[in-house]
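Below: one structure, written as structure tokens.
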Amino acid sequence: MSATWPPHLVIHTLAALTALLLGIVQLAAPKGTLNHRAIGWLWIWAMLIVAVTSLMIRDTGLYNLGGYTVIHLFTALTLVTLPLVVAYARAGNVRGHRIAALSLFFGALVVAGLFTLLPHRRLGQLLWSAPGLAG
């Protein structure tokens with residue numbers, strides 16, 4: 001494993017961690033406030049950065065089509081759902097906004113994030129090669 005990561009992978013990882021932290025704050029904080037809206041916009045931009053940079057990440061070790069694997073379906077989900085999160089909020093459709101935002105948070109961040117912890121992925125390699133975790 002290389003000691004350095006390509007810039008797009010660093011940006012992708014930092015944006016994903018930022019979106020995860022902002023999402024947790026959004027889940028815990030009161031809804032409908034100015035803070036919710038401001039943090040929500042930061043979350044939207046972080047998620048957009050995650051999605052765009054994910055298009056630069058290819059994996060030829062798994063079943064793929066041009067380097068794109070099943071995990072890239074989360075990219076499509078994100079790019080389709082992000083505008084819906086905003087549109088529902090602007091239209092006052094709280095239920096639609098909540099469902100779309102939670103779908104992205106749990107699907108595109110939590111579930112997709114768990115895939116990054118597999119031993120053959122970079123974050124997984126870092127985690128599983130840490131002292132005491134690998135044989």
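Nearest 500 deg cm²/dmol is fine: what mean residue ellipticity at 222 nm does the chain get from its DSSP H runs of n ≥ 4 alone, each adding -39,500 (n - 2.57), divided by its residue count?
Calculated at 222 nm, the ellipticity per residue is -20000 deg cm²/dmol.
Per residue, the chain exposes 63 Å² of accessible surface when a 1.4 Å probe is rolled over the protein heavy atoms with every protein chain present. Averaged over residues, the count of other Cβ atoms within 10 Å places the peptides 90-98, 118-126, 69-77 in the sequence 69-77, 118-126, 90-98, highest first.
Heavy-atom accessible area with a 1.4 Å probe sorts Ser54, Ser103, Ser129, largest first, into Ser129, Ser103, Ser54.
A Gaussian network model of the chain, with springs between Cα atoms under 10 Å, assigns the largest mean-square fluctuation among Ala108, Ala87, Ala46 to Ala87.
Were the residues from Tyr63 through Ile24 laid out at 0.36 nm apart, the gain over their Cα-Cα distance would be 10.8 nm. Convex hull volume of the C-alpha atoms in the chain, normalised per residue: 118 Å³. Using a simple spin-label model with pseudo-atoms 7 Å out from Cα toward Cβ, His120 and Leu48 lie 3.4 nm apart.
Residues Trp43, Trp5, Trp128, sorted by accessible area with the largest first, give Trp128, Trp5, Trp43 [1.4 Å probe; ligands and nucleic acids excluded].
With the contact rule set at Cα under 8 Å and sequence spacing of 6 or more, what percent relative contact order holds for the stretch 1-115? Could you put the intermediate results ahead of the total?
Working: 101 pairs, mean separation 27.0, N = 115.
Answer for the stretch 1-115 is 23 percent.
Length gained on full extension, Ile99 to Val70: 8.2 nm, using 0.36 nm per residue less the C-alpha separation.
The values are calculated or read from the model by the stated rules, or taken from the named source; none is laboratory data. What you see is a predicted model, and the numbers here were worked out from it, not measured in a lab. Heads up, the Cβs are rebuilt from the backbone with ideal geometry, glycines too, and the neighbour counts pull from every protein chain shown. Please note that ligands, DNA and RNA were not included when accessible areas were found on the heavy atoms of the full protein model with its side chains. Shrake-Rupley method; radii C 1.70, N 1.55, O 1.52, S 1.80 Å.
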